[in-house]
1. Against the definition (surrounded by fewer than 19 Cβ atoms within 10 Å (Cβ to Cβ) and outside any helix (DSSP H, G or I)), how does residue 64 come out, yes or no?
2. In this structure, is residue 187 at negative phi and at pLDDT 90 or above?
3. Counting only residues that are more than 17 Å from residue 93 (Cβ to Cβ) and touching a residue at least 24 places away in the same chain (Cβ under 8 Å), how many does segment 159-173 have?
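The values are calculated or read from the model by the stated rules, or taken from the named source; none is laboratory data. Model, not experiment: these values are computed from the prediction. Because the Cβ atoms are built from the backbone with ideal geometry, glycine has one as well, and the counts that use them run over all protein chains shown.
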């Protein structure tokens, strides 16, 4: 049993330039270096896209497209953050663009901003659940909820970053996450998985 998905952003920053030589070679157009970068990151980037679009074939296409975008835009990567984070942002944006084209998700316009009572689920804070079962539950969420849960819980973005990615207010990001979290808890309970801890 594990608690769900501690954020990894701080870990990534320790290794900001670990692949600097490869990235520099990619900037020079060296195919071998591009292939090595692809091998290092393709699984993680595929999984990031899959969690957003919830379609294996579409996630594969987005992942491939994102690598092409990244190699063409390497001059815009200044090396101040990890390459993985920079690449992931491209994947996330391409995944969201795909959803918008397919109209698989609701508009990210402002909606009612009444925050749910955060104390309603206090009893759940000490409950544990296996990550694998939570991931299955996330796949059952409606598009807009799946996106916000994936970006916050799994990809490690905070609400300020999410508001920028989705072009919504910080408060709406928090509201939508709270609602998505509640919906996920309902799904897990309906699936008879009651021992759940989900990051607030």
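1. no
2. no
3. 3
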